[in-house]
Structures are given as C-alpha cells and as structure tokens.
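Please read the structure below before turning to the comments.
The values are calculated or read from the model by the stated rules, or taken from the named source; none is laboratory data. Please read these numbers as outputs of a predicted model, since none were measured by experiment. All Cβ positions, glycine included, derive from the backbone under ideal geometry; neighbour counts span all protein chains shown.
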Amino acid sequence: MVARKIHKLSKRSKNQFIILNGALLDSNKYELELFGEEKENGSISYGALEKANKGTLLIDQVSEIPLDIQSKILRVLTDQKFKRVNGANDVSVDVRLICSSSKDLKKEIEIGNFREDLFHRINVFEINIEPLSQRISDIPLLIKYFSRKISENYNIKELDIDENNSYILNHNWHGNVRELRNLIERIAILQPDTKDKISNIIKESLKNTNFDDQLAENSLSVPLKEAREKFEKEYLTIQLKKFNGNISKTANFVGMERSALHRKLKGLGIKEFN
C-alpha cells in the first residue's frame with residue numbers, strides 16, 4: 001500500500017473517505033469516475049476526487065488504472081487541480097490519496113504497465129502486507145469481524161463459524177482477505193441453520209478454484225432475497241451435478257427433505273437431470 005498527500009489536509013476531513021476500485025471500473029469510465037463531468041445541460045457529475053475533497057481517497061488496485069489516466073493522476077498530484085471531463089475551469093482539491101495493489105508495482109513498471117514517475121510520487125510511505133496464507137493467526141479475528149459486519153448489513157443473526165475448520169486453515173487463500181470475506185458472505189446469504197451445513201458450504205466453496213471470481217464485489221448492494229436466490233441456485237446446481245442428478249442424495253447432503261428440494265429447484269428454475 002502506498003500513500004501520497006495531495007495537499008494540506010483539513011481537520012474537517014476525518015469522516016470523508018471515498019473508495020475507488022480500479023479493477024472494477026469499465027475501461028471507458030476511469031476518467032469520469034475520477035474527475036467527474038460537466039454535461040451539456042449544465043449539470044455536474046462529481047468524480048471521486050471532488051467527493052473526497054477535505055478527506056481521503058483510496059484507489060484500490062491502482063495497478064489496473066490505464067496509463068493515460070495514470071498521467072492525469074500524476075498531474076493532479078503535482079498541481080493539486082484538474083479539469084472535469086468537458087470542463088473548461090480548473091477544480092482545486094484538498095485530498096489525501098491512498099493507493100493499494102495486489103501486484104508488485106515495481107514489476108509492473110518493468111513490463112510497462114505502470115508509470116515510474118507516478119510510483120515515486122505516491123510511494124511516500126509504503127506498507128507491505130503478507131498474503132493471508134502466511135498470516136493464519138489473523139483468520140479467526142477476520143472471521144469474527146466479517147461475521148459481525150455482514151450479519152449487521154443483512155440484519156440476520158451473527159454466524160457461528162468454526163474458526164478451526166481444517167478447510168479454512170489449510171486453504172491457500174489466493175484471493176487473500178477478499179476471498180475470506182466472500183466466503184463468509186456466501187454463508188450468510190445461504191443462512192445454514194447447523195454447523196454441519198456451514199461446514200459443507202465451506203468445503204464446497206473452497207474446493208472450487210473459481211469461487212472468488214464468481215462473487216461480485218458489490219454483492220452487498222443487492223437485496224438479501226436476490227443475493228440468496230443467486231447463490232442458492234449456483235450452490236444447488238453444483239450439488240446436483242456432483243450427485244449426477246440424484247435428488248435423494250443431494251437432499252441428504254444439503255440437509256433438506258426430498259419434497260422440499262423438488263420445490264426449491266422448481267422455484268429457482270433449476271431443471272432436474274439424470
């Protein structure tokens with residue numbers, strides 16, 4: 001993680017914290033998201049820099065920002081001002097900038113994916129965090145934190161997850177903390193009512209190498225019912241395939257009555273197969 005202060009930070013800024021994820025933005029929207037836009041009808045769409053004025057802007061996965069936008073960020077760091085898209089006047093900002101990346105930015109510079117001059121501007125104070133697989137002792141604390149946070153967001157009972165689950169402790173965690181959070185979110189969405197069911201979800205999720213990619217970053221922004229239906233459909237489809245379409249075996253594994261599973265499959269639009 002690297003940080004750079006664009007200008008003297010105001011005391012009023014302590015509660016203003018804006019996050020921009022470079023990995024999730026459409027390649028054509030980076031400039032709009034950062035700098036905002038002045039529209040033909042006279043209205044203004046404010047970008048992340050202005051939203052974070054008198055506060056802090058975190059650019060997550062800064063390595064994914066295109067080179068042409070990197071040059072514009074560099075100019076903001078140098079001049080403390082910018083123009084909105086289609087704008088004619090300069091906008092001055094007073095922002096602390098924090099950047100994070102799961103990639104080695106020095107290697108990205110070597111292969112031409114990241115500007116060296118920008119790296120030196122933002123690399124004022126650097127924090128290197130070891131992969132989660134090398135910080136196993138942190139996992140119980142993270143499980144407690146995410147369980148409480150996600151339960152609050154969904155307004156459900158806090159999850160009772162075994163922190164010593166062998167699948168959790170022995171997993172490689174290629175997606176690091178984000179992957180762990182997504183696992184806990186999946187458990188919350190499916191709302192299993194026993195520890196055995198929770199254990200089954202953990203086992204099946206961590207066996208799936210594409211698990212982390214299948215979860216949307218902004219899944220907390222959708223209603224619980226919609227999120228649960230999405231994950232239930234995916235989960236039950238996987239179980240059906242694993243048991244070659246055998247309803248009895250699938251129902252027994254997921255902890256449902258056979259008739260209840262039939263109704264659930266029909267309600268989710270999952271076709272039964274042999």
Filter result for Glu50 (crowded, with 19+ Cβ neighbours inside 10 Å, of a type in the set (D, E, K, R) and over 27 Å from Glu108 (Cα atoms)): yes
Checklist (1) closer than 20 Å to Lys207 by Cβ; (2) modelled with pLDDT under 80 applied to Ala227, failing item: (1)
Residue tally, condition part of a loop (DSSP other than H, G, I, E, B) and not acidic (Asp, Glu), over the range 67-97: 7
Among (1) of a type outside the set (S, T, N, Q); (2) farther than 30 Å from Ile189 by Cα; (3) surrounded by 13 or more Cβ atoms within 10 Å (Cβ to Cβ) - the single one Phe146 does not satisfy: (2)
Positions within the range 14-51 being within 17 Å of Asp90 (Cβ to Cβ), part of a loop (DSSP other than H, G, I, E, B) and under 21 Å from the mean Cα position of the chain (by Cα), in sequence order: Gly47
Val124 vs. criteria touching a strand residue (DSSP E or B) at 6+ places or on another chain (Cβ under 7 Å) and surrounded by 14 or more Cβ atoms within 10 Å (Cβ to Cβ): no
Filter result (within 25 Å of Glu179 (Cα to Cα) and not in a loop (DSSP other than H, G, I, E, B)) within the range 98-131: Ile98, Cys99, Ser100, Leu105, Lys106, Lys107, Glu108, Glu126
Ile109 closer than 29 Å to Trp173 by Cβ and in the same structural domain as Ile18 (by TED's automatic domain parsing): yes
Test: residue in the range 240-257 that is touching a strand residue (DSSP E or B) at 6+ places or on another chain (Cβ under 9 Å) and either within 28 Å of Gln61 (Cβ to Cβ) or at pLDDT below 85 (or both): no
